[in-house]
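Student: One structure follows; several queries about it will come next.
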Amino acid sequence: MRYPAGLRAELDDIEAALARVEGKPFCADEAARLKDRHEKLKRLWAENGQKPLIQEMSRIVERLLRHYHSDFYLHDISYLVANPEAVCVWVLRGTGTDLLPLNPPLREEPWYRAIYDARRWGGGILKTYIVQMSAGVLRETDPDKVRFAPRDAA
């Protein structure tokens with residue numbers, strides 16, 4: 001299977017790490033964790049990589065990110081597939097992504113706000129999008145216009 005460059009680099013890094021620990025004493029847990037991560041990345045791409053929204057997001061990731069492509073290829077895709085109705089703000093930095101639901105459960109809302117505000121005020125945001133998997137929505141937005149649901153909304 002053909003993988004985007006950032007995903008291929010992530011897979012290569014995992015394979016190299018696995019070669020260093022596999023078969024060594026006291027490294028069985030780490031080897032199992034690396035194998036699991038490797039298989040999950042490949043499976044997520046095989047099952048979702050041809051979806052138009054994922055392809056569009058992947059092109060953006062490949063163009064903008066320098067490091068931590070697994071933020072998108074593992075975490076963001078996993079969340080979008082598991083929560084297709086969720087409307088999220090997708091934050092891209094040179095060193096990773098954050099996918100933050102706009103209407104999160106109350107227990108998570110302060111955490112999302114804190115991450116978002118740190119990214120916004122820290123100057124590390126390259127692009128910000130609104131995304132919803134089920135509707136195929138990917139729309140660039142102004143980081144200063146993003147509003148999370150009020151605390152009493154959920």
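The values are calculated or read from the model by the stated rules, or taken from the named source; none is laboratory data. Just so it is clear, the structure is predicted and the values come from calculations on it, not from any experiment. FYI the Cβ positions are ideal-geometry reconstructions off the backbone, even for glycines, and counts take in every protein chain you see.
Student: Considering region 4-16 alone, what residues qualify as being assigned to a helix (DSSP H, G or I) and of a type outside the set (Asp, Glu)?
Tutor: If the condition is that a residue be assigned to a helix (DSSP H, G or I) and of a type outside the set (Asp, Glu), then ALA5, GLY6, LEU7, ARG8, ALA9, LEU11, ILE14, ALA16 are the ones that fit.
Student: Condition first: out of contact with any strand residue (DSSP E or B) (no Cβ under 7 Å at 6 or more places or on another chain) and either hydroxyl-bearing (Ser, Thr, Tyr) or at pLDDT 75 or above (or both). Now tell me which residues in region 94-112 satisfy that.
Tutor: Answer for region 94-112, where residues must be out of contact with any strand residue (DSSP E or B) (no Cβ under 7 Å at 6 or more places or on another chain) and either hydroxyl-bearing (Ser, Thr, Tyr) or at pLDDT 75 or above (or both): THR95, GLY96, ASN103.
Student: Another question, then. Condition first: assigned to a loop (DSSP other than H, G, I, E, B) and surrounded by fewer than 18 Cβ atoms within 10 Å (Cβ to Cβ). Can you find one or more residues in region 42-49 that meet it?
Tutor: No, region 42-49 contains no residue that is assigned to a loop (DSSP other than H, G, I, E, B) and surrounded by fewer than 18 Cβ atoms within 10 Å (Cβ to Cβ).
Student: Taking region 114-139, which residues are surrounded by 14 or more Cβ atoms within 10 Å (Cβ to Cβ) and either modelled with pLDDT under 75 or more than 21 Å from THR95 (Cα to Cα) (or both)?
Tutor: ARG119, ARG120, GLN132, MET133, listed by residue number.
Student: If you go through region 66-96, how many residues are within 22 Å of ALA118 (Cβ to Cβ) and either touching a residue at least 60 places away in the same chain (Cβ under 8 Å) or touching a helix residue (DSSP H, G or I) at 6+ places or on another chain (Cβ under 6 Å) (or both)?
Tutor: To start, the set of residues in region 66-96 that are within 22 Å of ALA118 (Cβ to Cβ) comprises 66-72, 74-76, 79, 86-96.
Subset that is either touching a residue at least 60 places away in the same chain (Cβ under 8 Å) or touching a helix residue (DSSP H, G or I) at 6+ places or on another chain (Cβ under 6 Å) (or both): 69-70, 72, 74, 91-92, 96.
Residues in region 66-96 being within 22 Å of ALA118 (Cβ to Cβ) and either touching a residue at least 60 places away in the same chain (Cβ under 8 Å) or touching a helix residue (DSSP H, G or I) at 6+ places or on another chain (Cβ under 6 Å) (or both): 7 in total.
Student: Same structure again: Residues of region 12-57 being touching a residue at least 24 places away in the same chain (Cβ under 8 Å) and among the β-branched types (Val, Ile, Thr), which ones?
Tutor: Listed by number, the residues that qualify are ILE14, ILE54.
Student: Still on this structure, I have one more. Considering each of TYR112, TYR79 in turn, give the residue that is part of a helix (DSSP H, G or I), in contact with a Leu (Cβ under 6 Å, 6 or more places away or on another chain) and over 24 Å from ARG8 (Cα atoms).
Tutor: TYR112
Student: Let me ask another. Name the single residue, out of those in region 17-29 being over 22 Å from the mean Cα position of the chain (by Cα) and assigned to a helix (DSSP H, G or I), that is surrounded by the fewest Cβ atoms within 10 Å (Cβ to Cβ).
Tutor: Per the stated criteria, the residue is ASP29.
Student: Now for a different question. For region 29-38, does any single residue satisfy the condition of being touching a Lys or Arg at 6+ places or on another chain (Cβ under 9 Å) and basic (Lys, Arg)?
Tutor: No: zero hits.
Student: Of the residues LEU7, LEU18, LEU41, which is touching an Asp or Glu at 6+ places or on another chain (Cβ under 8 Å), farther than 25 Å from PRO143 by Cβ and of a type outside the set (Gly, Ala, Ser)?
Tutor: Numbers: LEU7 fails: touching an Asp or Glu at 6+ places or on another chain (Cβ under 8 Å); LEU18 fails: touching an Asp or Glu at 6+ places or on another chain (Cβ under 8 Å).
That would be LEU41, the only listed residue that is touching an Asp or Glu at 6+ places or on another chain (Cβ under 8 Å), farther than 25 Å from PRO143 by Cβ and of a type outside the set (Gly, Ala, Ser).
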